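Below: the structure, in structure tokens.
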Amino acid sequence: MNETTHLQNRDQSRRKYIFVCGLQRSGTSVLGRNIARLENCTGFKNTGVLMDEGRFLQDVYPFDGQFGEAGRFGFDPRAHRTETSELLTPENIASLRTSWHARWDASKSICVEKTPGNLLITRFLQAAFPDSYFVVIWRHPVPVSISTQRWKVWLHCHQLFDEDRKYLKHMYALRYEDYVENPAKYHEEIAAFIGTRVPDPPTQDTFRYVAQWRNPRGVRVPEGAMENLTSVHNQKYFSCWSDLLNTSLFKPYYRYIAAKYEPEFAKYGYSLTKGFGLKEACFQRAARTSPVVGNLYSLMADACAFVVRLATRSKGYIKRQIKARLPEPVKMRIKCLLWKSVS
């Protein structure tokens with residue numbers, strides 16, 4: 001080991017590493033940025049990668065997106081890594097540290113990294129970064145799972161984490177719903193947990209853009225001030241789920257799903273039925289649904305979802321083909337007409 005490497009390793013050993021964990025759509029992005037705003041903390045920013053996530057800034061381990069979409073990755077065994085991983089070689093650990101330290105502010109001693117898939121690699125990260133602290137956030141399964149209809153993923157990933165958390169030396173957990181209600185309280189608690197403090201709000205602030213999925217421009221966020229949260233998004237998903245349970249043509253299927261997974265979600269303090277207008281008699285009938293009928297419901301739902309996805313993709317393909325073949329003057333004329341219609 002040369003003198004430069006020795007000095008770098010000694011310098012890094014004085015740091016703490018904060019890993020923000022949680023399934024996609026659980027609020028990890030806002031939470032991670034807010035933790036990085038605490039005193040003496042540094043997070044990734046202006047990296048050019050989606051959500052400034054560390055998974056895109058290293059080449060040591062494959063990340064969750066390579067194991068399937070958000071509704072599937074948790075079931076790939078490669079997504080779950082522990083301290084026994086064959087990837088934990090001295091060379092890989094040094095490479096991972098170098099990749100991330102190149103993006104962290106060297107003047108700060110508390111380094112923050114946020115990637116949803118961290119939920120399944122906490123023990124791996126703790127082995128690579130011994131002075132690791134894990135901040136884990138979970139959210140009601142309806143907002144997290146309703147878009148993918150992969151209810152088992154929420155349960156499977158959290159069950160894996162439940163096994164892993166016993167091995168973690170420093171872990172702090174919170175619920176998205178509680179964080180939304182009182183973010184200042186949790187900022188104070190997290191600051192104490194990692195050994196820092198919440199800074200005074202800036203009198204003036206600047207802003208930057210963070211690259212987002214399906215948002216070419218990105219989301220505008222403040223540099224110094226804590227970001228506000230709202231329960232509006234949760235309520236939107238809850239209203240949708242209530243409609244699916246009570247008025248949808250496929251309500252027998254959704255009631256079957258709710259009854260099937262209710263006992264498992266109840267262990268985490270969540271419910272798929274309470275507060276959604278579902279009558280107890282309807283729930284009890286759904287709970288008595290036979291496995292054969294339940295599987296038939298699931299097959300029908302999967303078939304309908306496939307048709308919808310196929311139609312959406314086909315529509316997008318047709319639009320792209322038409323756009324590619326239109327002469328530029330025609331394109332400009334259409335843009336002008338659209339602009340006038342909304343102005």
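So here's what we get for this one:
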item	result
Cα extents of segment 210-306 along the three principal axes, largest first (Å)	54, 31, 24
Listed residues Q212, Y179, G195: farthest to the positive end of the dipole of segment 154-224 (Cβ charges)	Q212
Length gained when the stretch T47-S271 is fully extended (0.36 nm per residue, less Cα-Cα span)	76.8 nm
Amide H contacts under 5 Å for R208, placed H, 5+ residues apart	V221, E223
Selection of trypsin sites (Lys or Arg not before Pro), segment 140-226, meeting DSSP coil and at most 13 other Cβ within 10 Å	K169, R197, R214
Point-to-point label distance, N246-R78, nm (Cα→Cβ direction, 7 Å offset)	4.5
Extension gain, K279 back to Q159 (0.36 nm per residue minus Cα-Cα distance, nm)	40.3 nm
Per residue Cα convex hull volume in Å³ - calculated over segment 92-156	124
GluC sites (Glu not before Pro) restricted to DSSP loop in segment 201-281 with at most 15 other C-beta within 10 Å	E223, E227
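Just so you know, all these numbers are worked out from the coordinates, no wet-lab data involved. Here the structure is a predicted model, which means the values were calculated and not measured. Cβ sites come from the backbone with ideal geometry, for glycine too, and all protein chains shown count toward neighbours.
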